[in-house]
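Input: a single structure, listed below in structure tokens.
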Number of protein chains: 2
Amino acid sequence: MTSTTAGPDLAPGPATSPVTAPAAPTARAALLLHPVPLGASRSTGGFWFERMQINRRQAIRTGYDKLQTAGNLRNLRIAAGVEQGEATGPIFMDSDVYKWLEAAGWEHAREPDPQILGWIREITAVVAAAQAADGYLDSVQQVRGQGARYTDLHWSHEHYCAGHLFQAAVAVHRGTGETGLLDIAVKLADHLVATFGPGRTEEVDGHPVVEMGLVELFRETGNRAYLDLARWFVDARGHDIIRTRHGAEPTYFSDRLPVRETTSPEGHAVRAIYLTAGAADLAAETGDVELLDALVRQWEGMLSSKTYVTGGIGSRWDWEQFGDHYELGPDRAYAETCAAIASVQWSWRMLLATGEARYADLVERTLFNAFLPGVSLAGTEYFYVNALQLRHDAHAEEERSVAHGRRPWFDCACCPPNIMRTLSQLDAYVATSSDRDGVAGVQLHQFTTGEVQAGGARVRVDTDYPWDGTVRVEVLESPGEFELALRVPGWAEGAVATVVGEPVPTTAGDYLRVRRAFSVGDVVELVLPMTVRIVEADPRVDAVRGCVVVERGPLVYAVEQVDLPDGLVADDVRVRVAELRDARAEHRSDLLDGVTVLHLPVHAAVGAAAGPLYRPAGDDPAPQAEDTVQVVPSVPYYAWANRELGAMRVWLPRA
Amino acid sequence: MTSTTAGPDLAPGPATSPVTAPAAPTARAALLLHPVPLGASRSTGGFWFERMQINRRQAIRTGYDKLQTAGNLRNLRIAAGVEQGEATGPIFMDSDVYKWLEAAGWEHAREPDPQILGWIREITAVVAAAQAADGYLDSVQQVRGQGARYTDLHWSHEHYCAGHLFQAAVAVHRGTGETGLLDIAVKLADHLVATFGPGRTEEVDGHPVVEMGLVELFRETGNRAYLDLARWFVDARGHDIIRTRHGAEPTYFSDRLPVRETTSPEGHAVRAIYLTAGAADLAAETGDVELLDALVRQWEGMLSSKTYVTGGIGSRWDWEQFGDHYELGPDRAYAETCAAIASVQWSWRMLLATGEARYADLVERTLFNAFLPGVSLAGTEYFYVNALQLRHDAHAEEERSVAHGRRPWFDCACCPPNIMRTLSQLDAYVATSSDRDGVAGVQLHQFTTGEVQAGGARVRVDTDYPWDGTVRVEVLESPGEFELALRVPGWAEGAVATVVGEPVPTTAGDYLRVRRAFSVGDVVELVLPMTVRIVEADPRVDAVRGCVVVERGPLVYAVEQVDLPDGLVADDVRVRVAELRDARAEHRSDLLDGVTVLHLPVHAAVGAAAGPLYRPAGDDPAPQAEDTVQVVPSVPYYAWANRELGAMRVWLPRA
């Protein structure tokens, strides 16, 4: 139980330093790294800080308004009996309230704000009034269900809403010190413990998240019953409860196979990965190495054939599901913003358990390229779906279609408040601490300007990442000997580093680990090569055959119609890799809140406009590019659709 | 009113021969060709005849059983009050009954069968008992709706079921001479006329088909009120009735734009194309040239960017919809069997109205490659969805997934009886007649062994099509001078023909028209080149970039796992076009009810197994094929998944 750590938390496990972490892909220890206490990692400037400030100033404020106007709070008031009417919106409307409360809790911790605190108190009172005397709480079910509880648990999201309440309660408690929401959460958790589990109601919710929530609540309260119930929920899954009780096809609900037997995620992406994240919490808390090994295998399965180049996951619109292996079409990529958040949460937990840089690499790729595209630069509009291609004449249909551009809210508004809570706790993903043989360690996983305090040390990080590759770490306080570790991303072949001016070798995809008696003022500097990288996919990814992606640093780039000259449609852009290597980078502080643009030499496909859809094939593919090269700017994918909405391509066909 | 013509019918319009039909894409005359009377086109052997006989002997018999066991007839009995209980299945369960009745009616016309007639009478009695006194009929709505009618017309399918009843009633009347079902249909149609239309209830059904049904019923009865109501339904669409009345997004329901303004089909594929087919009926009956021109444009829009190489349509699983232009991914191709049927119905009507071969070309491509794959060779199992690729480790999930293989029936069983009625009336798509300046014309659009009688002429067709390209037409009866026209498919460049032994020139994609004083015994012979053709897609079809399709005659070929040697997975097959041109054709009468196999030289992708999902790109695409060539058989796509279910590819990546 660690009542002072922020966000994605893991209580202390066996203390081992990442320095000696086994290189083998399956970790044998249940926990290697520890989150730093709330406030001990603090961004003070730069890229993510700006996003966090906009989230605080814009998103969280408009989110509060949306909870009023979309009916979420009204549902709770109706459940409380203080307002009359029918419940509004999808069954899981309460969870939006809890996600927003979680964001507000972390924000208040980042910087106290009487208005935010006032809103938290106001909404907590609404939630408290809705709770039944025995602890049960789910406003939509209370209002629509006419007293029925858990009768339709595969669809009802009753545990799902509870899980988000637990996470919110921990955040508000840690962030404000107030116990109002925590009391509600404990009362509901006690009700769940009394109702579910072996010998009681043996059922699982159709949508996981309660597992993570219960473990968090265990950490906050020390009540092992919550951990035990989380374990039961994780282990009960995959034993056909949902099909047996409700006649539903189990894949969608992550109920086809036990977590321990799943080698590649399947079904509804958010459900599947909230479950694995919860299972990772459980493995860490219980030292369950077998479970952790199974999660390592499943994570590798996801990364090897079911992850978009952006880090996004979930390729099917129908039922928001993972596709088959290598089914990763860019135009119909679903890549739900919430699924990206789930992936970050899971990889973070795997990082803590194993200390392996690959998990932090995926956190970084996903944050920049699959999570961040979900919110507008202004912080007020959202993508639910993150397609990697939009054709110039795409038809904007239902609310999730990217052809609408980002939208202020959704009827099914799971993503916006999920983005809010993630940005509010982003500092927690930056650093961890370790303690091995009495020597403290500080690991820097994500690069942002700010300060980190851990293990008696305090360091200041200065960087203009992701635009510039230099990360400067200065020791502000030192306990004497400690180990400072900086992640060298997997893409950063050729990174160079100096320790107090002396060059040291680096390995891409591993940590630069410096163990010494640091003095105040000592500087470790890492310089990551910000060259333009051209990437292609495994040939089994049929949908992007013959295409490449342009990357720089941690960012995936996109060609947008608004940047193209008249007559050149983004659909028809073609590239030659040899020419792309000469792409010039230019930082444009005036553009898109400041981005480094890559000027790409491109060709226009010819022959596309004429002829029938299907035609005789030549011995070799017909030439599809003119000789004339035009140089056009490309922008980071996260920033697309912030100007004029139009055609967009991440995967660029070869000429 | 033409009470003796079969299946897809059009009453006489301005009589013009296709000989002088304008080459311009937009026809100015409303009707050029006429269906031949029921029984005047009769297959007696060969490819389609075999499929029709299996349909008669297997599908229609098992279909009768399914109507009993799946609850369709029970629903009607409950509505009639002779059985108790709740209605079973989706809201449109009645339509399966009507489609089956339609099939049975045409089958009885093909060859009278007392058992089939007995079933028709039995089921007609069940339907009659369910009908309300005022003509209303929809068993599921009657049982579930507690008296409510048309309250939820965008979802309820009440008109949809009526439309299928009308089509069935016409078929049964024409096929058996009995009026029982027609009486029910007229009573329901009169009720619709009294209820809907200008000044009455101004609403449209969410699922078109009633338009075609009403026009057919007008043709059968001569009651213009049915034609007027069909016209009102067609014209009312696209004026936001569904959004206004029900708050639903209109694209899915083909209600976003009027038919006259739609340039490319969108929304739910079956809905969209049943509507255009009904509109084509209307254009023909009313001589509405503006409407026909709009339909020509929309048909061209479909063909130019929204049609699979198989002729299948509808690329999105979510909501069974058309995708954007060029969104034609093979792995998630939806290509619903019912949508292929709708496309055939529409193209047939466009052919009648314009006389242009391109419509018959699409009918052929669709029948062989998008419709026929929907049913097993045994005639007892069905595909709902017709994907063009199945990966070797695809996960079989919900009932529509092709990873299950074909299935005996579906909870939503729209496709199986739709296949039955289409095969039962297939002879009607073979030939038409014309009459211009007193000279009769007979047009042969599809090639099947059998006889056609029209315009005083009778001809016998002999062919082993689609395996052999020779089509021999012998005149059995002649009225003197008449014009015999044979379609030369668009793919058949270099076709040769003789008329009474004399060579005549042909043009691919047009009709070979022979106008002369034919004598009995005169022979016209068309020889289509059955070479192997290698086809590629417009480069805007991103999903099949760098891939080709192998075709022969009207057939699209597929590589199936069951035909590959150990160690070669269909996912990894690569081809070189120059080598494919040498593919050897071999007719295998022992295989798949007799197919011509193409032996394709293929390579195996290398480098696919190792390395990360995303990797640095070389200046040129990495070589993906070994030097060794293996020759493997490929089979017509329609026949796939009739042996061992496994990986399958229609689009073959270039090595």
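Provide an ascending nm list, one decimal, of label-point separations from A:Glu290 to the equivalent residue in each further copy; define each label point as 7 Å from Cα along Cα→Cβ.
Going from nearest to farthest copy, the values are 7.5 nm.
What accessible area, summed over both chains, is buried at the A-B interface (1.4 Å probe, Å², nearest 100)?
Between A and B, the summed buried area is about 5500 Å².
Residue by residue through region B:162-168, what is 3J(HN,Hα) from phi via Karplus (6.51 cos²θ - 1.76 cosθ + 1.60, θ = phi - 60°)? Round to whole Hz and write x for glycine and proline.
4, x, 5, 4, 4, 4, 5
Suppose every Lys and Arg Cβ carries +1 and every Asp and Glu Cβ carries -1, with no other charges. What dipole size does region B:280-354 come out with about its Cα centre, to the nearest 20 debye?
About 220 debye.
Rg and Dmax in Å for the protein assembly as shown, alpha carbons only: what are they?
33.4, 112
Can you pull a Stokes-Einstein diffusion coefficient for region A:33-146 at 10 °C (1.306 mPa s), Rh from Kirkwood over Cα pairs, as a whole number of µm²/s?
Numbers: Rh = 15.5 Å.
Diffusion coefficient, whole number: 102 µm²/s.
Could you tell me the relative contact order of region A:430-527? Use alpha-carbon pairs under 8 Å, at least six residues apart, and round to a whole percent.
Reported as a whole number, the value is 25 percent.
Would you please name the trypsin sites (Lys or Arg not before Pro) within region A:568-650 that are DSSP coil residues with at most 16 other C-beta atoms within 10 Å of their C-beta?
A:Arg581, A:Arg643
Farthest toward the dipole's positive end in chain A, which of A:Gly374, A:Val595, A:Gly46, given Cβ charges of +1 (Lys, Arg) and -1 (Asp, Glu) about the Cα centre?
Going by the charge dipole, the pick is A:Gly46.
Just need the relative contact order of chain B here, percent rounded to a whole number, with Cα pairs under 8 Å and 6+ apart.
Normalised by residue count, the contact order of chain B is 14 percent.
What is the ratio of the Cα radius of gyration of region A:430-527 to 2.2 N^0.38 Å, with N the residue count, to two decimals?
Computed over Cα atoms of region A:430-527, the ratio equals 0.98.
Distance from the Cα centre of region A:308-387 to that of region A:201-271, in angstrom?
Centre-to-centre distance over Cα atoms comes out at 21 Å.
Per residue, how much accessible area does the protein assembly as shown show when a 1.4 Å probe rolls over the protein heavy atoms, in square angstrom?
That works out to 30 Å² per residue.
Which listed residue (B:Met648, B:Pro616, B:Tyr557) has the Cα farthest towards the positive end of the charge dipole for region B:532-653, taking +1 on Lys and Arg C-beta and -1 on Asp and Glu C-beta about the Cα centre?
Toward the positive end, the furthest listed residue is B:Tyr557.
Net charge around B:Arg649, counting only other residues with Cβ within less than 15 Å of its Cβ (Lys, Arg = +1; Asp, Glu = -1)?
-4
Can you list residues whose amide H is under 5 Å from A:Val504's amide H, if they're 5+ apart or on another chain and H is modeled 1.01 Å from N?
The list, which skips near neighbours in sequence, is A:Ala497, A:Thr498, A:Val499.
Are there residues in region A:514-548 whose accessible area shrinks by at least 20 Å² when all protein chains are included rather than the chain by itself, and which are they (probe 1.4 Å, ligands and nucleic acids not counted)?
The answer is A:Ile534, A:Val535, A:Glu536, A:Asp538, A:Pro539, A:Arg540, A:Asp542, A:Ala543, A:Arg545 - residues whose exposure falls by at least 20 Å² when every protein chain is included.
Sort shortest first the distances from A:Asp228 to its counterpart in every other copy, using label points 7 Å along the Cα-to-beta-carbon line, and give them in nm.
7.7
At a 1.4 Å probe radius, carbon and sulfur cover how many percent of the accessible area of chain B?
50
Just want the answer: with Cβ charges of +1 for Lys and Arg and -1 for Asp and Glu, which residue in A:Ser401, A:Ala335, A:Gly450 is farthest toward the dipole's positive end in chain A?
A:Gly450
Run the Debye formula on the Cα coordinates of region B:255-316, all scatterers equal and no solvent, and tell me log10 I(q)/I(0) at q = 0.17, 0.19 1/Å.
Scattering profile of region B:255-316, log10 relative to I(0): -0.54, -0.67.
How charged is the neighbourhood of A:Ile116? Take every other residue with its Cβ under 14 Å from the Cβ of A:Ile116, and add Lys/Arg as +1 and Asp/Glu as -1.
On the way: positive: A:Arg56, A:Arg57, A:Arg61, A:Arg110, A:Arg121, A:Arg421; negative: A:Asp65, A:Glu102, A:Glu107, A:Glu111, A:Asp113, A:Glu122, A:Glu178.
Net of charged neighbours comes to -1.
What size of dipole, in debye to the nearest 20, comes out for chain B about its Cα centre when the only charges are +1 on Lys and Arg C-beta atoms and -1 on Asp and Glu C-beta atoms?
Taking the Cα centre of chain B as origin, the dipole is about 360 debye.
Starting at the first residue of region B:303-312, write each ³J(HN,Hα) from the Karplus equation 6.51 cos²θ - 1.76 cosθ + 1.60 with θ = phi - 60°, in whole Hz, x for Gly and Pro.
Residue by residue, region B:303-312 yields 5, 7, 8, 9, 10, 5, 4, 7, x, x Hz.
Would you work out if chain B is rounded, prolate or oblate? Take a ≥ b ≥ c from the square roots of the eigenvalues of the alpha-carbon gyration tensor; rounded if a/c is under 1.5, else prolate when a/b is larger than b/c, oblate otherwise.
Since a/c reaches 1.5 but b/c is at least a/b, the shape of chain B is classed as oblate.
Can I get the semi-axes of region B:50-428's equivalent ellipsoid? Compute them from the C-alpha gyration tensor as square roots of 5 times the eigenvalues, in angstrom, largest first.
28, 26, 21
Let me know the charge dipole size of region A:430-527 about its Cα centre in debye, to the nearest 20, where only the beta-carbon of Lys, Arg (+1) and Asp, Glu (-1) is charged.
So the magnitude is around 160 debye.
Using a Cα-Cα cut-off of under 30 Å, which lysines could be cross-linked to B:Lys66, ignoring same-chain neighbours fewer than 8 residues away?
In chain and number order, the partners are B:Lys99, B:Lys187.
Rounded to the nearest angstrom and ordered from largest down, what semi-axes does the equivalent ellipsoid of region A:532-653 get from its C-alpha gyration tensor (root of 5λ)? Can you show the working numbers first?
Working: eigenvalues 133, 53, 36 Å².
Taking √(5λ) for each Cα gyration eigenvalue gives 26, 16, 13 Å.
What ³J(HN,Hα) values, in whole Hz, does the Karplus curve 6.51 cos²θ - 1.76 cosθ + 1.60 give for region B:633-638 when θ = phi - 60°, with x put for Gly and Pro?
Along region B:633-638, the couplings run x, 10, 10, x, 4, 4 Hz.
So if I restrict to the alpha-carbon atoms in region A:155-224, what is the Rg, and what is Dmax, the biggest pairwise distance, in Å?
For region A:155-224, the Cα-based Rg and Dmax read 11.9, 38 Å.
Under the convention of a label 7 Å out along Cα→Cβ, give the distances in nm from A:Gly247 to the same position in every other copy, shortest first.
Spelled out, the distances from A:Gly247's label point are 2.8 nm.
Suppose a student asked you for the relative contact order of region B:532-653, using Cα pairs under 8 Å spaced at least 6 residues apart; what percent would you report?
Relative contact order of region B:532-653: 36 percent.
Rounded if a/c is under 1.5, else prolate if a/b is larger than b/c, else oblate: which is region A:318-436, with a ≥ b ≥ c the root eigenvalues of its Cα gyration tensor?
Since a/c reaches 1.5 and a/b is larger than b/c, the shape of region A:318-436 is classed as prolate.
The values are calculated or read from the model by the stated rules, or taken from the named source; none is laboratory data. Fair warning: this is a prediction, and the values are worked out from it, not measured in the lab. Neighbour counts are summed over all protein chains in view; Cβ atoms, including those assigned to glycine, are modelled from backbone coordinates with ideal geometry. All accessible areas refer to the heavy atoms of the entire protein, side chains included, with ligands and DNA or RNA removed. Shrake-Rupley method; radii C 1.70, N 1.55, O 1.52, S 1.80 Å.
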